[in-house]
Amino acid sequence: MFWIVFIVITIVSVGIFLTTRIPQIHEFEEIAEKTFVCPLCGHRFHVKKSQIFYKWISIYLHKGIPLKCPECKKRDFCTPSQDN
Ligand SMILES: [Zn+2]
C-alpha cells in the first residue's frame, strides 16, 4: 500500500516541476527567435537555439548572452533586439 503513496507523490512532483518550467521554455523559444546585437560593432545576427540553450539563464542574470560576434569575431554580452 505504501508504494502507491510514493508513486502518487512522484507523479505530482514531476507534474509541478514541468508546469513551473513550461513558461521558461516558452520564453527561451521567444528569445532564440530574436536578433542579437553585438555591443562592440552593432552587428545584428541570429544564433542557433543549440548555441544559447545552456546560456539562456544568463539572459536573466546579465541581460545578455556571451556570444562570439560573426562580424568582429569578439566575444561579449550580446543583447536580444527588442524590435523583432
Ligand atoms: Zn561585433
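The values are calculated or read from the model by the stated rules, or taken from the named source; none is laboratory data. Since the model is a prediction, treat every value here as computed from it, not as a measurement. Virtual Cβ from ideal backbone geometry, glycine too; neighbours counted across all protein chains shown.
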### Task
Kindly indicate which of LYS63, LYS74 is on the phi > 0 side of the Ramachandran plot and exposed (fewer than 14 other Cβ atoms within 10 Å of the Cβ).
LYS63
### Query
Any residue in the range 48-63 that is at pLDDT 85 or above and over 12 Å from the mean Cα position of the chain (by Cα)?
no
### Message
Just to be sure before I move on: is LYS74 within 16 Å of the chain's Cα centre (by Cα) and touching a residue at least 24 places away in the same chain (Cβ under 8 Å) in the structure I sent?
### Response
no
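Right, ILE4: of a type in the set (A, V, I, L, M) and farther than 22 Å from LYS74 by Cβ or not?
Criteria met by ILE4.
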### Message
Residues that are free of Cβ contacts under 8 Å to residues at least 60 places away in the same chain, surrounded by 12 or more Cβ atoms within 10 Å (Cβ to Cβ), within 18 Å of the chain's Cα centre (by Cα) and not in a helix (DSSP H, G or I): does the range 13-28 have at least one?
### Response
no
### Task
Those residues that are near the ligand (Cβ under 8 Å from one of its atoms) and assigned to a strand (DSSP E or B), I need them from the range 41-80; list them, please.
ASP76
### Query
Which numbered condition trips up THR10, out of (1) hydroxyl-bearing (Ser, Thr, Tyr); (2) over 20 Å from the mean Cα position of the chain (by Cα); (3) within 11 Å of CYS78 (Cα to Cα)?
(3)
